[in-house]
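Here is the structure we will look at, set down as structure tokens.
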Amino acid sequence: MRFYALSVYLFLYIPIGVIALFSFNAGRNASQLQGLSTKWYGVALSNPFVMDALKTSLTVALTAAFLATAFGTMAAVALQGIHGPVRKAFDLLIYVAVMIPGIVIGIATLIGLVTVFDQLNPLLATIWPGGATPPKLQMGMGSLIAAHTMFLMALVIIIVRARLAGMDRALTEASSDLYATPFGTFRQVTLPLIFPAVLAGFLLSFTFSFDDFIIAFFVAGSETTLPVYVFSSIRRGVTPEINAIGTMVLAVSLILLFAAQILLRRGARPTR
Amino acid sequence: MSIRTRNWLLLAPAGTLFLALLIVPLTVVLVFSFGERAPAGGVVPAFTLEQYANLPARWTAFKNTLTLAPIGTLAALLIAYPLAYFLAVRADPKWKTILLVLVIVPFWTSILIRSYAWIFLLGGRGLPALLEWIGIDGVRLINTPFAVLVGIIYGYLPLMVFPIYVSLDRLDKRLLEASSDLGAPPWRTFLQVTLPLSVPGIATGCMLVFILLMGEFLIPAMLGGGKVFFVGNALVDLFLQSRNWAYGSAVAVALVVIMLITVTIYMRLLNRLGARRDDVAIM
């Protein structure tokens with residue numbers, strides 16, 4: 001039994017370990033280890049395409065995670081006190097957002113936004129004042145942030161809601177009995193209690209957005225995120241440089257994920 | 001400000017986002033699937049079932065998805081169950097949390113990089129070279145259904161382990177003691193007590209993995225080398241290469257409908273078996 005468990009853990013971590021090991025390859029052949037060095041990290045970090053893609057990925061992930069956490073937490077708190085059709089509609093939308101395959105979300109966002117933009121652009125051109133060139137709506141970083149925010153917001157609502165459901169209602173009641181304003185109750189009672197879940201939601205959202213390939217593939221327009229860059233490089237062949245980029249990507253998400261797990265587990269303890 | 005107004009204000013951004021980026025886009029896909037292909041690459045609005053009538057042209061993609069998704073789910077279940085059992089019943093409580101976190105974490109890291117690792121391991125200089133060294137020649141692993149299956153199991157194993165672990169962990173251990181006190185051999189305790197009580201976890205795990213596999217693109221793209229392709233790969237081809245939005249939309253709608261039908265049948269079946277489904281968050 002122990003041996004079995006160990007072999008599954010090896011199965012889970014050996015591939016990650018192999019990538020990390022080969023990223024320190026000194027030779028230029030991707031699959032033959034010829035001494036250790038960090039030179040491919042240098043190569044990757046001085047490649048302008050990689051740095052551009054990294055910058056795009058970080059901007060998108062930070063913005064989308066921040067917006068998703070803010071909007072998701074707001075919605076989760078509001079949904080806590082609502083019953084009836086509005087609540088049912090939101091429950092359905094959250095369910096749909098999480099269940100529909102990422103690839104369908106990507107496709108739908110692409111053709112949906114392109115269709116809407118095609119209608120709006122001529123309209124913008126006619127109402128734009130003073131002969132200046134109006135902004136042209138097109139696919140790019142904005143549409144990618146929007147698509148990620150929508151999906152991640154559904155995720156944040158689920159996480160924060162689970163935490164709100166485990167919260168002792170007597171605490172908020174006591175707070176309002178003691179004449180705290182609703183906002184005061186939120187800031188001083190609810191928020192501190194749900195904060196681990198909110199932070200974990202942010203970290204998970206960030207990693208998801210940073211690692212997402214499929215939605216970005218459809219929605220990013222002419223922008224390239226790091227996963228899209230890596231995907232197209234792999235098609236051209238395996239190089240030690242990709243191993244280095246891959247190891248860095250894995251390291252970023254591993255650190256954030258362990259943090260999120262610890263927060264969620266600490267937060268999951270009963271509050272009474 | 002009344003509580004009602006406050007709730008509306010809090011829900012406004014979420015509602016707007018859902019409307020603009022979920023409801024409207026999905027409606028556009030549905031409408032386009034009944035349209036006609038425009039010569040320039042867009043869609044001419046129409047009401048025709050032509051795109052749906054053409055679905056059999058992509059039969060191989062549907063067939064591959066509908067065979068490899070269930071096989072992958074089953075294989076993941078068989079590998080995941082003993083591990084979940086070990087974690088819930090046998091593992092030292094001191095190490096349980098860290099062992100569990102170690103299982104969950106890979107799921108949330110880049111599936112792209114993790115599949116890439118297998119290109120490396122299954123490619124000519126990886127496992128095949130190792131096999132050659134011990135005397136087994138000419139084994140081709142990469143770009144085969146086997147490679148895709150390995151990628152699937154590797155990618156989704158954590159998602160299977162977690163719900164099974166939760167249902168086994170929740171199980172009252174005194175039941176196991178009672179069973180053995182009453183003289184049941186371990187295998188009988190397992191078959192008649194442990195296994196039936198973990199059905200909700202198995203059901204959740206299988207559903208989650210199956211749903212995600214139905215929409216898979218990356219694993220077959222990376223490890224199937226164009227020979228083993230899923231509906232997801234057909235969709236990428238239709239939208240990004242041949243730019244046939246009307247037909248692509250019909251394929252996407254068909255995928256979602258097949259998914260919904262399978263999940264509904266599956267839930268009915270479970271309900272008939274009297275099993276509860278555990279909803280657990282894999283986070």
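Annotations for the structure displayed:
- Each of B:116, B:85 has some number of other Cβ atoms within 10 Å of its Cβ, and from fewest to most they run B:85, B:116.
- Computed from label points 7 Å out along Cα-Cβ, the spacing between residue B:181 and residue A:95 is 4.2 nm.
- Note on segment B:216-276: semi-axes of the ellipsoid equivalent to its C-alpha gyration tensor, largest first and rounded to whole Å, are 30, 16, 6.
- Taking the Kirkwood radius as Rh and the Cα radius of gyration as Rg, segment B:57-272 has a ratio of Rg/Rh equal to 1.05.
- GNM result for chain A, Cα springs below 10 Å: residue of A:209, A:37, A:143 fluctuating most strongly: A:37
- For A:161, B:243, the sequence from fewest to most other C-beta atoms within 10 Å is B:243, A:161.
- This model, with +1 at the C-beta of Lys and Arg and -1 at the C-beta of Asp and Glu, gives segment B:1-147 a dipole about its Cα centre of some 480 debye.
- Ranked list, fewest to most other Cβ atoms within 10 Å of each Cβ, for A:241, B:177, B:36: B:177, B:36, A:241
- Long-range tail of P(r) for chain A (Cα pairs > 35 Å, %): 34 percent
- Note on the protein assembly as shown: Lys pairs 8 or more places apart or on different chains, Cα atoms under 22 Å apart, count 4.
- For segment A:162-202, chymotrypsin sites (Phe, Trp or Tyr not before Pro) meeting the loop criterion (DSSP other than H, G, I, E, B) and having at most 12 other Cβ atoms within 10 Å: A:179.
- Distances between placed amide hydrogens fall under 5 Å for residue A:25 paired with A:37, all partners being 5 or more residues away or on another chain.
- Couplings for segment B:137-149, taken from phi via the Karplus curve 6.51 cos²θ - 1.76 cosθ + 1.60 with θ = phi - 60°, read 9, x, 8, 10, 10, 5, 6, 10, x, 4, 4, 4, 5 Hz in order; Gly and Pro are left as x.
- The trypsin sites (Lys or Arg not before Pro) found in segment A:47-151 that occupy coil by DSSP, while having at most 15 further C-beta atoms within 10 Å, are A:136.
- Helices meeting the span-like rule in chain A (full DSSP H runs, Cα extent of at least 30 Å along the helix axis, mean Kyte-Doolittle score of -0.5 or higher): A:2-23, A:48-80, A:102-127, A:141-165, A:240-267.
- Among B:241, B:32, B:218 the positive-end extreme of the charge dipole of chain B (Cβ point charges): B:32
- Nearest 10 degrees, 0 to 90: helix B:245-272 Cα axis against chain B principal axis: 30 degrees
- Each Lys and Arg Cβ is given +1 and each Asp and Glu Cβ -1; about its Cα centre, the protein assembly as shown then shows a dipole of about 700 debye.
- Note on segment A:10-71: Kirkwood radius taken over Cα pairs, Stokes-Einstein applied at 37 °C and 0.692 mPa s, translational D equal to 232 µm² s⁻¹.
- Inter-site label distance for residue A:259 and residue B:38 at 7 Å from Cα along Cβ, in nm: 4.6 nm
- Residues whose amide H lies under 5 Å from that of residue B:37, counting only those 5 or more places away or on a different chain, are B:44; hydrogens are built 1.01 Å from N in the peptide plane.
- Among B:151, B:226, B:183, residue whose mean-square fluctuation peaks in a GNM of chain B (springs only between Cα atoms under 10 Å): B:183
- Å³ per residue enclosed by the Cα convex hull of the protein assembly as shown: 201 Å³
- GNM flexibility winner over chain B from B:212, B:22, B:131 (Cα, springs under 10 Å): B:22
- Overall, chain A carries a charge dipole of about 560 debye about its Cα centre when +1 sits on the Cβ of Lys and Arg and -1 on the Cβ of Asp and Glu, all other atoms neutral.
- On the beta carbon distance between residue B:89 and residue B:266, with R0 = 25 Å, the FRET formula returns roughly 0.40.
Laboratory data are not the source of any read-out in this text; all were calculated from the coordinates shown. Keep in mind that this is a model prediction, so the values were computed, not measured. Glycine gets a Cβ as well: all are built from the backbone with ideal geometry, and neighbour counts include every protein chain shown.
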